[in-house]
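The values are calculated or read from the model by the stated rules, or taken from the named source; none is laboratory data. For clarity, every value in this text was computed on a predicted model and none was experimentally measured. Positions of Cβ are generated from backbone atoms using ideal geometry, with glycine treated the same way; all protein chains shown enter the neighbour counts.
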Amino acid sequence: MRNAAETRERIKQAAERVRQEHPLAPSITNAVTMEFVANAQLAIGGSAAMVYLADEGEAMAEAAGAMYLNMGTILPLYEASMPRTVRCLAGQHKSWVLDPVGIGVGGLREKLLRSFRQEKPGIIRGNASELIALARLWELDAGTAETAVCGVDTTQSVAEARQAAMSLARWTGGAVAVSGKEDLVTDGETVFLSAGGSPFMTKITGAGCSLGGVMAVYACCAEPFIAAAASVALYNLAGERAEKDAPGPGSFRQQFIDELYLATPEEIAGWPFKLDT
């Protein structure tokens, strides 16, 4: 069981290292949200790169500290680039973040997600419905909740996805983050719970995708559980602050990037959370 004081200190250290080292965390990601992902990564102190082709993915995997793979807009060339990139990362013992957005839609997406069962990402991030569906696809214990994915929106609560998240984390040996009103991060044993953010985050495109990209940046400097927890704390902090000066979602999006940039390591580590088992 992790303790709160140590978790806070390690979150602070991760945020400090990112600001000091500017680690590169490339992405093969959703074309709809690519610009937002890159801006969020840059705002927190990281370095961004967006790739498509298999040889590019392998080259970036060699240069990067970690990578982000998002399944939101699947292109035919990803059938080669994603598996080759992941194999290269695994061969170098580097972490990567998987966002299974769109799970259940289309044969290529399902084929790729099935293949990732053995590749074992360091962090999996998604909403409750996506993570329940992924646990079932990988034939893991997803609890009693029925799989009910509806586009990119969740039809289930974070609490309903707890068993699925813990099963996935135990299988990968990494961490799983479930986004919702109260975000959940688990390594399969300890559960980190943190609330905050803003309702505006559901009114803009890319809040969840950019969170995955930020997790990849932090994964360059910290183990998966701390990288995911630090990212969740930062997003809850920045979202809540951004809402105060934003009358609507357009201005919120701009202010949110500013708040990601302005948040200090001490503020990120000091954001309220609780640990559970």
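List of remarks:
- Within segment 201-212, the only residue that satisfies the criterion of being more than 15 Å from Val178 (Cα to Cα) and within 14 Å of the chain's Cα centre (by Cα) is Gly206.
- Flag if Ser198 is more than 14 Å from the chain's Cα centre (by Cα), buried (at least 20 other Cβ atoms within 10 Å of the Cβ) and touching a residue at least 40 places away in the same chain (Cβ under 8 Å): yes
- Within segment 251-261, the set of residues being in contact (Cβ under 8 Å) with a residue 40 or more places away in the chain and surrounded by fewer than 20 Cβ atoms within 10 Å (Cβ to Cβ) comprises Ile257, Asp258, Tyr261.
- Selection status of Arg8, assigned to a helix (DSSP H, G or I) and either of a type in the set (D, E, K, R) or closer than 23 Å to Leu131 by Cα (or both): yes
- Which listed residue, of Thr205, Thr186, Thr264, is buried (at least 22 other Cβ atoms within 10 Å of the Cβ) and of a type in the set (Val, Ile, Thr): Thr186
- Filter result for the condition that a residue is closer than 24 Å to Phe252 by Cα, buried (at least 21 other Cβ atoms within 10 Å of the Cβ) and not acidic (Asp, Glu), over Gly57, Gly46: Gly46
- Segment 19-76, residues that are within 24 Å of Gln92 (Cα to Cα) and of a type in the set (Phe, Trp, Tyr): Tyr52, Tyr68
- With respect to being under 23 Å from Ser95 (Cβ atoms), in contact with a strand residue (DSSP E or B) (Cβ under 6 Å, 6 or more places away or on another chain) and either modelled with pLDDT of 95 or more or not polar (S, T, N, Q) (or both), Thr186 fits the description.
Per-residue answers, yes or no, for (1) touching a residue at least 60 places away in the same chain (Cβ under 8 Å); (2) outside any helix (DSSP H, G or I); (3) basic (Lys, Arg); (4) more than 17 Å from Ala4 (Cβ to Cβ):
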site: Val178; (1), (2), (3), (4): no, yes, no, yes
site: Gly188; (1), (2), (3), (4): no, yes, no, yes
site: Phe192; (1), (2), (3), (4): yes, yes, no, no
site: Ile226; (1), (2), (3), (4): yes, no, no, no
site: Ala246; (1), (2), (3), (4): no, yes, no, yes
site: Pro272; (1), (2), (3), (4): yes, yes, no, no
site: Leu275; (1), (2), (3), (4): yes, yes, no, no
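- Within segment 13-25, being part of a helix (DSSP H, G or I) and either surrounded by fewer than 19 Cβ atoms within 10 Å (Cβ to Cβ) or of a type in the set (Gly, Ala, Ser) (or both) holds for Gln13, Ala14, Ala15, Glu16, Arg17, Arg19, Gln20, Glu21.
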